[in-house]
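Structure record follows, encoded as structure tokens.
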Amino acid sequence: MKYTFVTLILFSCFTINTLAQKGLNEFEKTRVEAILDEPNSIALNKVLKGDDGSVVTTLQAILRSHALQLNNVPGTYTTTKGSQNSMISLSDLIDATITNINKGENAAVVVVYRDIVFGTSAVPTKIDFTSLKTIIIHKNKDGSSFSNYLLATKNIFFVFIDVDDDFYANQAENEDKKLSNTIIKINYKTSFFKKSFQDTKNVWQGVMGGNPITSTPRLKITLVEVNSQRIKDPCDVIASNKTIEESRLTFPIHEKNLASFQIGVENTKYALNNFSIEDGNLVVKPNEEQKEAWKSSLYSIIEIHLPRDIDNFNPIWKDVFGKGRGRSFGQYIHDAIFQRIGIYGGIKISKDPLSNLYSGFNFAITKELSVNLGWTWTNQINPQVTNIGEITSLDDAKEYAQRSYTVGKFSWGLSFSPSAIVDMFKSK
């Protein structure tokens, strides 16, 4: 046992050391660096000042030509990280990914660079360290144009473009500003499903500039493949460099939501004054006199639906009457009808949660409000004579009564996000 423990410790140290040598962390699958030769450096730096399409085309051509090979062929410059094979492999993978993005693949290649003016023997190279530009090679939902809205995107690559290390060699004050020092981090967020569960627990509880250094125009390219297994939407993928404000290189990954917890109220508890329109929003809530009646009829459900872009989920009136979205008829029907339909099952919020069972279909009006159509089964006490021995308390005696569920009765009602119910009853 002792030797096994020591072996594990040594193996862990070896693994950590290997990752450190490669410049990797737990969120990076592959990282390689190389110096681009002078002609390609000049060509790429020129198009970086142009439109995004030209940058993408030129970058693909460089990756495809294997101009970033790590070897000792004259004219090709090398760095210590990575290997020839890993550079070729990652170059090909990013090139293929860009091609597939244009065909509709849900992947992203993020290009990060600064404004660079190459110098000559008489004029020094200059970098505008205040500039920081990004190109996100990712298509929007209909595939018509580039978009920075990443929805459940798992395959993500970074391409950092900077001048070579010779530029920084004699500038201790700028050494930390190298883009190759940037590491990848992931900040996980609470999913809509998990948050709705946490809020449901609350309801149950409550209701109950540059310097002259080099004259050789060469660019250093750092390619990073993010570990797709560590991307769990929703989250933020962050390119972290201690000299750059983190918010400038934070890329949100939005979630596709499949289910949520909701709190239902049966239709017998509604009145006209429960409904109002405030600031363009439909608001449904009880008045002060109705709060206790609503509390007594609350039930908790879990509902499942088609995948939804939950951060971009519109109220139904925007999807039905909204204009200018360029949607096909099929997309219109999907947004206005199909993605709003769900199935649910639930129990009553009470000390005896199985006293009522609920099941049926619901239709989402907004992210926080749905209409429920389904059935309710009530666990009723049967007519009977039951021996209870020496028990004298009626409440205790009821525990021995024989019960059975009634035939399902059709019912309708509304269900709310748990956070909306928490706010209604101030149960936090």
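The values are calculated or read from the model by the stated rules, or taken from the named source; none is laboratory data. Computed from a predicted structure; not experimentally measured. Heads up, the Cβs are rebuilt from the backbone with ideal geometry, glycines too, and the neighbour counts pull from every protein chain shown. The protein model used for the area step is the full one, side chains on, heavy atoms only, and it has no ligands, DNA or RNA in it. Shrake-Rupley method; radii C 1.70, N 1.55, O 1.52, S 1.80 Å.
Among the residues in segment 176-199, are any of a type in the set (Asp, Glu) and not in a helix (DSSP H, G or I)?
Initial filter on segment 176-199 (of a type in the set (Asp, Glu)): 176, 199.
Now drop any that are not not in a helix (DSSP H, G or I), which leaves none.
No, the conditions are met nowhere in segment 176-199.
May I ask you to list the residues in segment 1-51 that are under 33 Å from the mean Cα position of the chain (by Cα), open to solvent by 70 Å² or more (accessible area, probe 1.4 Å) and at pLDDT 50 or above?
GLU26, LYS29, LYS49, ASP51
Going through segment 202-225 one residue at a time, which ones are farther than 17 Å from ASN181 by Cβ, at pLDDT 80 or above and β-branched (Val, Ile, Thr)?
Passing the criteria: only VAL203.
Tell me which residues, restricted to segment 273-317, are modelled with pLDDT of 70 or more, part of a strand (DSSP E or B) and among the polar types (S, T, N, Q).
SER300
For residues that are over 21 Å from VAL407 (Cα atoms), surrounded by fewer than 15 Cβ atoms within 10 Å (Cβ to Cβ) and at pLDDT 90 or above, tally how many sit in segment 340-356.
1
Keeping to segment 324-365, report how many residues are under 17 Å from ILE310 (Cα atoms), touching a helix residue (DSSP H, G or I) at 6+ places or on another chain (Cβ under 7 Å) and in a loop (DSSP other than H, G, I, E, B).
Total meeting the criteria: 1.
The conditions are (1) out of contact with any helix residue (DSSP H, G or I) (no Cβ under 6 Å at 6 or more places or on another chain); (2) modelled with pLDDT of 95 or more; (3) farther than 29 Å from GLN331 by Cα, and VAL117 fails exactly one of them. Which is it?
Exception for VAL117: condition (2).
Could you list all residues from segment 226-270 that are closer than 17 Å to ASP311 by Cα and open to solvent by 60 Å² or more (accessible area, probe 1.4 Å)?
The answer is LYS232, LYS256, LEU258.
Select, from LYS141, LYS177, LYS194, LYS189, the only residue that is touching a Ser or Thr at 6+ places or on another chain (Cβ under 9 Å) and under 22 Å from ILE231 (Cα atoms).
Working: LYS177 fails: under 22 Å from ILE231 (Cα atoms); LYS194 fails: touching a Ser or Thr at 6+ places or on another chain (Cβ under 9 Å); LYS189 fails: touching a Ser or Thr at 6+ places or on another chain (Cβ under 9 Å).
Among LYS141, LYS177, LYS194, LYS189, only LYS141 is touching a Ser or Thr at 6+ places or on another chain (Cβ under 9 Å) and under 22 Å from ILE231 (Cα atoms).
Going by the conditions given, is GLN205 open to solvent by 30 Å² or more (accessible area, probe 1.4 Å), in a helix (DSSP H, G or I) and either more than 30 Å from THR99 (Cβ to Cβ) or aliphatic (A, V, I, L, M) (or both)?
Working: open to solvent by 30 Å² or more (accessible area, probe 1.4 Å): yes; in a helix (DSSP H, G or I): yes; either more than 30 Å from THR99 (Cβ to Cβ) or aliphatic (A, V, I, L, M) (or both): yes.
When the stated conditions are applied, GLN205 passes them.
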